[in-house]
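Since every read-out is calculated from the coordinates, none of them should be taken as a lab result. Since the structure is predicted, the reported quantities are computational estimates derived from the model, not experimental observations. Neighbour counts are summed over all protein chains in view; Cβ atoms, including those assigned to glycine, are modelled from backbone coordinates with ideal geometry.
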Amino acid sequence: MKPLIVITGPTATGKTDFSIKLAREIGGEVISADSMQVYKGLDVGTDKVSKEIRDEIPHYLIDVVEPNEKFSVADFVKEADRAVREIWEKGKYPIVVGGTGFYIRALLYGLPKTPPSREEIRKELSEIETEKLYEEVKKVSPEYAEKVGKRDRKRLMRALEVYRITGKPITAFKLEQEKPRYPFLGYFLYRDRRELYKRIEDRVESQVKRGLIEEAKKLLSYDEKLTALQALGYKEMKGYLQGKMELKEAKELLKRRTKEFAKRQFTWFKREKGFKWINLSKVSQDELIKLIKEDLKRFNQHILKK
């Protein structure tokens, strides 16, 4: 059995570029672990790989649903499990790539045993502003509030829903299993702060030039409460499109929020087990590929000894 290779890390680190090179080197196919790349039409804002690359190297869990359709972490695990089986059947390596820690944890360890959703509670919570949801979650579980951040409306609502149903914070619910569901080799890629922040700023400028505003305009034509509109980039451009701020201000806001998001990704993965932390400011892609190949060799030797 081939292990899952999990490539994660903060936004703008270069995970996607590296994963493509790795897939070519070892014979792999990519499973996206990005909670927003599942939505069709969010191409520029989520920096999806090009169609040409996807034709060369199959990518799963990209463009799965329309922006106005629901897609949960349970849906992700179900579809990712199917992708893993399909890749294994081809004799290739599944390479899981993305920065959504919640998705990666659920794929590796299963979903927390939380109660099913209740429509009446969801409806009530949907009327509350995101800032107030955050403050409520902070009262119930400061740790979880810090982990998901002030703008992750979807998870803030779920945390409050679970609390209202059970009287317990969402962090009280354990994962389905403590041992991983799959054998995996995990790598958390990052860069020196100054370099990472420069890459974030450059990416924002590039996204605006490549059509981020036009994508945000299309999303607004659906519904202002779309989950997809909560993605970084779209909510900031929404403010610009609605005349609430100048474009320069919207771009600066997006840069600041993206840096905050990167910090939360660092915080999340500090708690995750089984990941090697690799500083791409000091380690080249070729060196990292060599390291991964050595890890795969050791893994295969270990399996043969069993």
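Amide H contacts under 5 Å for Y93: G28, E29, restricted to partners 5 or more places along the chain or on a different chain, H placed in the peptide plane at 1.01 Å from N. Can you count the Lys pairs in region 113-174 whose Cα atoms are under 17 Å apart, with each pair 8 or more apart or on different chains? Taking region 113-174 as the scope, the lysine pair count is 15. Short-range pairs are left out: with C-alpha atoms under 8 Å and at least six residues apart, the relative contact order of region 113-174 is 40 percent.
Here the spin labels are modelled as points 7 Å beyond Cα on the Cα-Cβ line, and at K174 and R271 they lie 1.6 nm apart. Can you classify region 113-174 as rounded, prolate or oblate using the Cα gyration tensor, where a ≥ b ≥ c are the square roots of its eigenvalues, rounded means a/c under 1.5, and otherwise it's prolate if a/b beats b/c and oblate if not? Here region 113-174 falls in the oblate category.
Dividing the summed -39500 (n - 2.57) terms of all DSSP H runs of n ≥ 4 by the residue count of the chain sets its mean residue ellipticity at 222 nm at -17000 deg cm²/dmol. Rg over Rh for the chain works out to 0.96, using Cα positions for both radii and the Kirkwood form for Rh.
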